[in-house]
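A short worksheet on the structure shown next.
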Amino acid sequence: MDGNGFTMQNLARFRQRIREKAVDPSAPPVLIVALGDSVTQGFMEERRFDFEAVYHHRLKQLLEARYPQTTFSVVNAGCGGESLPGGARRLDRDVIRHQPDLVLVAYGLNDACGGGRAGVAAFQDGLADLVRRIRGATEAAVVLLTPNRMMTHDNDRVAPRWKTKVEPFIQTQREGVLDAYAQAVRRVAADQRVALADVYDAWCRLEAGGVDTTLCLSNGINHPTADMHAQTARLIMQTIESPG
């Protein structure tokens with residue numbers, strides 16, 4: 001079976017669970033776990049969460065509107081400041097023990113800032129291992145998310161305590177380091193034959209169309225606005241709803 005076939009088979013089981021719950025109210029809810037960093041946890045501006053706006057809550061709303069007879073539950077397994085190794089350490093406790101039907105995995109922002117270009121290979125290997133662990137211990141469909149873009153210039157949304165620390169973020173974006181991590185996520189999705197929601201590509205297309213994507217960041221650095229979280233939810237929904 002080719003890579004796309006495996007991905008569609010994986011998502012087919014998720015869609016089957018949606019149908020099962022609609023037919024049998026006593027069946028377990030369709031369970032989604034979102035694993036990632038501060039974006040997944042719901043950080044917006046400095047020291048502010050918005051759990052209603054975060055992309056996986058928006059996805060839950062889209063699913064509920066599309067499948068009104070099905071109950072969906074989401075576990076927020078995001079952790080602010082975390083990179084991929086932290087998620088790997090938490091995987092058994094925060095993902096596998098729940099035996100979810102769908103796992104969303106979103107890393108790359110902190111990995112790019114902390115690891116630079118030299119860390120891309122280790123990031124790619126670690127992400128592939130994470131996918132293998134999820135697939136080996138659960139029947140969950142997996143959707144990998146590429147990261148959103150980071151700031152390209154200083155701006156008024158940056159909190160005062162971060163004003164002296166913005167240059168590394170700007171360089172990581174401008175010098176193509178974050179691009180390399182997004183490409184690593186794409187390679188893992190293709191090699192491991194799991195679904196991909198290419199958030200980074202969507203942001204790059206906005207920039208190519210003349211949008212200053214720094215203004216799409218609620219904290220001016222790396223946290224998307226509520227509108228951009230909604231866009232991510234739509235991308236994931238399109239992946240789930242793809243025919244196959």
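The values are calculated or read from the model by the stated rules, or taken from the named source; none is laboratory data. In this text, all values refer to a predicted model and were calculated from it rather than measured experimentally. Here the Cβ positions follow ideal geometry from the backbone for every residue, glycine too, while neighbour counts run over all protein chains shown.
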Regarding residue 82, is this residue part of a helix (DSSP H, G or I) and either in contact with a Ser or Thr (Cβ under 8 Å, 6 or more places away or on another chain) or surrounded by fewer than 18 Cβ atoms within 10 Å (Cβ to Cβ) (or both)?
no
Residue in segment 151-164 that is nearest to the chain's Cα centre (by Cα), counting only those that are of a type outside the set (S, T, N, Q) and part of a helix (DSSP H, G or I):
162
Going residue by residue through segment 217-230, is there one that turns out to be modelled with pLDDT of 95 or more and farther than 25 Å from residue 154 by Cβ?
yes
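A quick yes/no check of all residues on (1) in a strand (DSSP E or B); (2) of a type in the set (Asp, Glu):
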| position | (1), (2) |
| --- | --- |
| 89 | no, no |
| 103 | yes, no |
| 111 | no, yes |
| 143 | yes, no |
| 149 | no, no |
Count of residues meeting criterion [modelled with pLDDT of 95 or more, hydroxyl-bearing (Ser, Thr, Tyr) and either in a helix (DSSP H, G or I) or within 17 Å of residue 199 (Cα to Cα) (or both)] in segment 5-59
3
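Which is surrounded by fewer than 16 Cβ atoms within 10 Å (Cβ to Cβ) and either of a type outside the set (Ser, Thr, Tyr) or over 29 Å from residue 47 (Cβ atoms) (or both), of 112, 159?
Details: 112 fails: surrounded by fewer than 16 Cβ atoms within 10 Å (Cβ to Cβ).
One residue alone meets the criteria, 159.
Conditions (1) part of a helix (DSSP H, G or I); (2) in contact with a helix residue (DSSP H, G or I) (Cβ under 7 Å, 6 or more places away or on another chain); (3) without any contact (Cβ under 8 Å) to a residue 24 or more places away in the chain, marked per residue:
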| position | (1), (2), (3) |
| --- | --- |
| 166 | yes, no, no |
| 170 | yes, no, yes |
| 180 | yes, yes, no |
| 184 | yes, yes, no |
| 187 | yes, yes, no |
| 201 | yes, no, no |
| 204 | yes, no, no |
| 207 | yes, yes, no |
Out of all the residues in segment 177-192, which are closer than 20 Å to residue 113 by Cα and acidic (Asp, Glu)?
179
